[in-house]
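Everything on this sheet refers to the single structure shown next.
Computed from the coordinates by the stated procedures, all read-outs in this text should not be read as laboratory data. Just so it is clear, the model here is predicted, and its values are computed rather than measured. Because the Cβ atoms are built from the backbone with ideal geometry, glycine has one as well, and the counts that use them run over all protein chains shown.
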Protein chains: 2
Amino acid sequence: MAEEKTIAFVLYPGLTVLDLVGPLQVLTDVPGYRTVVVAERLDTWETDTSLRVTASHTFAEVPDPSVVIVPGGGAPTLRALADETLIGYLRDVGGRAEVVGSVCTGSLVLGAADLLKGRQATTHWSMLDRLTAFDATPVRKRWVEDGPVITAAGVSAGIDMALHLLTRLAGADYARLAQYILEYDPEPPLGRLDWTKAPHDFFAPFVEQWLQEALGDHPDLHTRLAGPR
Amino acid sequence: MAEEKTIAFVLYPGLTVLDLVGPLQVLTDVPGYRTVVVAERLDTWETDTSLRVTASHTFAEVPDPSVVIVPGGGAPTLRALADETLIGYLRDVGGRAEVVGSVCTGSLVLGAADLLKGRQATTHWSMLDRLTAFDATPVRKRWVEDGPVITAAGVSAGIDMALHLLTRLAGADYARLAQYILEYDPEPPLGRLDWTKAPHDFFAPFVEQWLQEALGDHPDLHTRLAGPR
């Protein structure tokens, strides 16, 4: 029997919990893989909702994941860009993993770990242009694959990206079975989104505020990421 | 200023975490509402993934939610049908709440609390017919509204139901803004599901096994729910 591989989702305080849970649900029970949630410590942490969450393993306990995925969020995710332990873990395992993935602004965390250099990538639409700060080429797609790196757009895009990844890891029949089990046949009650009307002006001040709040004490990162694009 | 109302998501051990987190993410930061996660105790509990979760409030701390929503899952959810504390909480608050909701098999929990009697309702496709055990009329839709009761189909359907509910609570403009923020513009990589090919035969033995595992010691509930339909 082949050795079991590991899919590791990275947890940190304050993240957007659906960024984590969407793909985590899709990528749990993948044949040949165990799926874990890794963090610096097994503390119980706040999310951007009232749910609190706890990892299953520490970074030290999962030194060689085959797949590592970083969820995103607002100011807490930008704060993670300056978290030396988390970034150090990603630098270490990211170079050896078969798949390095992210959801939403989690791609900026990959960027801070130098994992996006010269690659095409995506992120939440409100911060797409910021990817250039990490020498990545921003691409406006639901998810973007470039070599071992797969990045998803905002929040719920992580579900689509994970189903695509499940197809790669376990085949289309298995991925379709998972899609039935999760009854993932979306019917957004207000229909599709018209991206020519995306609320960029509404969102821009929040992004600047998050950058100031999270990286005000890290002028190098702040300078790379802040300001109008 | 009007008194703030409460949206309460019910937590119990072993639930399907996306059933909870999808609608929780959508229904966080609703104008005029605080959103909490309630449970019997503030223990850290397992989910059906490797993520562990903790509520923000006990049942006793949230005696009058305006909206109460019950997520679903497999055997642990069926076990919750016989959890007198949880069912007692739902019986108590469910009669007074403006909205009583569920995701996936969470509707069976509502049924066990006598909240579905004479109502139309839905649940995960694999257990739809079991709703008759609680005098509900099964309806095969993404979500079903009947008076104060709103039930969603399996797992990811909770996101669509929650966006519909957000439209009711905060208006279509606000719900659309949330949809942009969550970038909920799905592109399932394998396309839509063909429900004439749903894996009923694959799933049926799991359902019987869950019922036996969860309700073997509760012959009344087991008899009502088990067996071929």
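Working ranking of peptides B:135-146, A:203-214 by packing, defined as the average number of other Cβ atoms within 10 Å per residue, highest first, is B:135-146, A:203-214. For the peptide B:171-177, the mean number of other protein chain Cβ atoms found within 10 angstrom of a residue's Cβ is 2. If you take the Cα centroid of the range B:89-129 and the Cα centroid of the range B:45-82, the two points sit 14 Å apart.
For A:Val36, B:Val103, the sequence from fewest to most other C-beta atoms within 10 Å is A:Val36, B:Val103.
How crowded by other chains is B:25-38, given as the mean number of beta carbons from other chains within 10 Å of each beta carbon?
3
The listed peptides A:196-202, A:107-113, ordered by packing as a protection proxy, come out as A:107-113, A:196-202 (highest mean of other Cβ atoms within 10 Å first).
Across peptide B:15-23, the mean count of Cβ atoms from other chains lying within 10 Å of each residue's own Cβ comes to 6.
Please give the net charge around A:Tyr174, taking every other residue with its beta carbon less than 12 angstrom from that of A:Tyr174, where Lys and Arg add +1 and Asp and Glu add -1. Charge balance near A:Tyr174 sits at 0.
Would you calculate, for the protein assembly as shown, the mean residue ellipticity at 222 nm contributed by helices, counting each DSSP H stretch of 4 or more residues as -39,500 (n - 2.57) and dividing by all residues, to the nearest 500? Result for the protein assembly as shown: -10500 deg cm²/dmol, rounded to the nearest 500.
Would you tally the net charge around A:Gln25, using a Cβ to Cβ cut-off of less than 10 Å, leaving A:Gln25 out, and scoring K and R as +1, D and E as -1?
-3
By definition, a body whose alpha carbon gyration tensor gives a ≥ b ≥ c is oblate when a/c is 1.5 or more and a/b is not larger than b/c, and chain A fits this oblate description.
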